[in-house]
Amino acid sequence: GAMWMTRNDGNKWFDISDGLPLKKIVSIQASAHKASRVFVVCKGMDDDDPKPYVFVSENFGRNWKSIVSNLPSIPVNCLLEDPGIEELIFVGTDAGIFLSSDQGSSWESISLQLPTASIHQLEFMKNSQFLLAASHGQGLFYCHLDGVKKFIKSGNPDEYKLLASLPGQLPRTKD
């Protein structure tokens, strides 16, 4: 798809699609840390292309860099950048949730205790301490991120691999 940007309240628009694949754009995330940074997720399922397409631009969309690295060859549906830790990014895929503690240079699954489901929306709750995931057909799930964030802030982010099976659970509701 095409992507356009304005920096003057819509008076003039600029095509910033150059460098993005001709795929359906399913998620756009402006960075909470840098005004010039934007993330884009594209999806090729409409043309039988199951590969992940995740991009970042550090210069208002003039140049795009793929941050797929070691994500499995499955569609990505959404992206969420942590507002408190610049390096921490989450993506919802057709096989659960993955996180990167290095701005997309590497990814780890955090879905071992969630049902296999396509995650279509990610949001933070309660001052970014909980990650809420909306799935297709399996409901809503949340996981507490305090442990992951402590490991990442500790300067030894490789240790978060020990948390690959974060306990996810259904929110409690009153029926």
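Below, the figures for the structure above:
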item: Added length on full extension, which subtracts the Cα-Cα distance from 0.36 nm per residue, HIS136 to MET45; result: 31.2 nm
item: Theoretical ellipticity at 222 nm over the chain - DSSP helices of four or more residues, -39500 (n - 2.57) apiece, nearest 500; result: -1000 deg cm²/dmol
item: Spacing of the two label points (7 Å from each Cα toward its C-beta) at ASP15 and ASN59, in nm; result: 1.9
item: Separation in nanometres of the label points that stand 7 Å from Cα toward Cβ, at ASP146 and LYS34; result: 3.2
item: Qualifying trypsin sites (Lys or Arg not before Pro) in region 103-150, DSSP loop, other Cβ atoms within 10 Å at most 12; result: LYS126
item: Partner lysines for LYS43 [C-alpha distance under 18 Å; skip if fewer than 8 residues away on the same chain]; result: LYS23, LYS24, LYS51, LYS65
item: Cα-Cα over 31 Å, subset of LYS34/LYS150; LYS12/LYS153; LYS34/LYS126; LYS12/LYS34; result: LYS12/LYS153
item: Two-decimal log10 I(q)/I(0) for region 1-87, as the Debye equation yields it once each C-alpha is a single scatterer, q = 0.16 Å⁻¹; result: -0.64
item: With 10 Å bins from 0: P(r) over the chain, alpha-carbon pairs, percent; result: 10, 38, 35, 15, 3
item: Where the chain is the region considered: accessible area per residue in Å², 1.4 Å probe; result: 54
item: Rounded percent of accessible protein surface that carbon and sulfur make up, region 36-82, 1.4 Å probe; result: 52
item: Mean Cβ neighbour count within 10 Å, used as a protection proxy, ranking 36-46, 90-100 highest first; result: 90-100, 36-46
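The values are calculated or read from the model by the stated rules, or taken from the named source; none is laboratory data. Because the structure is a prediction, the values reported are computed rather than measured. Positions of Cβ are generated from backbone atoms using ideal geometry, with glycine treated the same way; all protein chains shown enter the neighbour counts. Just so you know, the surface numbers come from the protein's heavy atoms only, side chains and all, with ligands and any DNA or RNA stripped out. Shrake-Rupley method; radii C 1.70, N 1.55, O 1.52, S 1.80 Å.
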